[in-house]
Amino acid sequence: MAQTPESILISETAWQKALAREAVIRPIAFVGALNAAERFSACRQLGLRPTRFYQLLRQFRRKPVTSSLLDETPGPEKGRRLLSAEQEAAVTWAIQETYCRRERPTITAVHDHVRLICRQRDLPAPSWKAVKVRIDQVDRQKLTKAREGARAARQRYSPVVDEYSAQHAMEIVQIDHTLVDLFVVDAVNRQPLQRPWLTLAIDVASRMVAGFYLSLEHPSSTSAALAIRHMVLPKASWLAEQNVVGNWPVHGLPTAIHLDNAREFRGRALAWGVAEHGINLIHRPVARPHYGGHIERLIGTMMGAVHFLPGSTSSDVASRGDYDPRKHAVMTFDELERWLTLEIVGRYHADIHRALRIPPRLAWEDAVLARHELLRLPYDEHRFVLDFLPFEERVIRRDGLHLFGLKYWDDVLSPWAGGPGKMRVRYDPRDISCVFADAPNGESWPVRFANLGRPRITLGEHRQAVAALRARGLQSVDEHLIFETIEAQRQIVEMAGRQTRSMRRGVERRARALAATERHTIGTKDDDDESEFLDLSPLSVEEWS
């Protein structure tokens, strides 16, 4: 016989006793008056006197459930209050004034306050246990809000019923960043550098990874822009560049991009880019992490796979014990990027998804068929990337375009030189040797340093150089000083690169940033340069799986 909800709160012995009584009493409870033989047989089976037997029989007839045959629990009725009204009022006042505070006082502090109030009112003081019982009976959500704040109460007790869902492919894409639980090494000396940042995008309808971007720099608007670029454009050429033989069919402009409230997701460049290409930008409600559940679970899945690699930091310090992730790090940045590609294409997309009950790859096919229109692609791939880059508005002076204290020039700017109007100038922080000026007709022109002999530099290098010059007390910093300082700093870094991890990190970041812009952002590379990026032996998804 199945247990009732009430039976969960009583002892197993008492419940088994009630079950035995029910087996005897139920068959005879509603058959009319009992004769002497039936009454004697029931009392003998249950080991009860006739008086107790008839008492249980009446209880069962009033409420024909097994729990009505339980023996009554001795002692006061459950929930009965033994304190006087004045004592109850003193305890309630002490809880409100002492316990419901952000300093989170202890129950003992509340009991001391109760004793003080009772002494002042000439009342017997309740016990510590009585005070604790009444604290336990206070609404937990209200108590947590008073002691820990509204956010803690909301996250702990508010029902989680809202989660983004989508009906077709690229209807909603969620994007977020995470610090990878793995140290990478530099490509020259194979010495540990740092943990890279990973920007991931997931198609909500199919749970397919829509795209990703790996970087040694802290997340920025550029990270978001390049992750969106990877998400939107077809990936066949990119997989070939990674020397991964497999299929990653996710591409196209999403209907909406769902993000958290990080600063890099609130910039002008991202807002402009999504508006330009008809994408709806949705920011999750503040302090509602469950709204980003899909991307959070994907990040957890990816980091769970990373934890098996040498150099992993695991998820916390306690779980890794005395394991030193820096000492065991072996993978370079490029190797990690390729490994992630294989993990996504060869494993994650092919495994059964717990929520979908089918692999994301099959779910993607169904989600594409559910669309009412074909997947949209940007009309101009190069322009699409530029639309998401950060920008400034500048007047074109007669001596050129000035940005970051540096001078840029191209003859295409001549009609606007010396005019009052401003032009929108876009830049890639990974390489500011070339910026892009938006013409009134919608075209975008590449504009390089006015002095073409200047080397390619990152925005980070430029800011470090200017900060160093300011530290020397120079209020007026010209372009020549900036480049002299950058060159001197590069020489110092190159010389010390084998000595300190921070120096190696600087070298690797600059090399990665400048190499990445050659490969992805600024135009297309020459055919002669293609072999530089195809020096890895091909690896198919089948071999990886």
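Here are the numbers for this structure:
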item	result
Matching residues, the range 349-382, being crowded, with 18+ Cβ neighbours inside 10 Å and assigned to a helix (DSSP H, G or I)	Pro360, Arg361, Ala363, Trp364, Ala367, Val368
Residue match in the range 236-258 (condition: under 19 Å from Pro219 (Cβ atoms) and touching an Asp or Glu at 6+ places or on another chain (Cβ under 9 Å))	no
Residue pairs meeting the criteria (Cβ under 9 Å; at least 6 apart or on separate chains; first touching a residue at least 12 places away in the same chain (Cβ under 8 Å), in the range 237-250; second assigned to a helix (DSSP H, G or I) and basic (Lys, Arg))	Glu241/Arg519; Gln242/Arg338; Asn243/Arg338; Val244/Arg338; Asn247/Arg361; Pro249/Arg361
Conditions (1) at pLDDT below 85; (2) under 12 Å from the mean Cα position of the chain (by Cα); (3) among the charged types (D, E, K, R): number failed by Arg266	(2)
Filtered residues of the range 314-358 (kept if within 21 Å of the chain's Cα centre (by Cα), within 13 Å of Val180 (Cα to Cα) and modelled with pLDDT under 85)	Ser314, Ser315, Asp316
Test: residue in the range 195-203 that is more than 30 Å from His372 (Cβ to Cβ), of a type in the set (A, V, I, L, M, F, W, C), assigned by TED's automatic domain parsing to the domain that holds Ala329 and under 18 Å from the mean Cα position of the chain (by Cα)	yes
Residues of the range 232-252 that turn out to be at positive phi and surrounded by fewer than 19 Cβ atoms within 10 Å (Cβ to Cβ), as a count	1
Strands (runs of 3 or more DSSP E) enclosed by the range 383-450 - at least 2 residues per element that are surrounded by fewer than 18 Cβ atoms within 10 Å (Cβ to Cβ)	391-395, 401-403, 422-428, 444-449
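The values are calculated or read from the model by the stated rules, or taken from the named source; none is laboratory data. Quantities reported herein were computed from a predicted structural model and do not represent experimental measurements. Every residue, glycine as well, gets a Cβ built from its backbone with ideal geometry; the counts of neighbours run over all protein chains shown.
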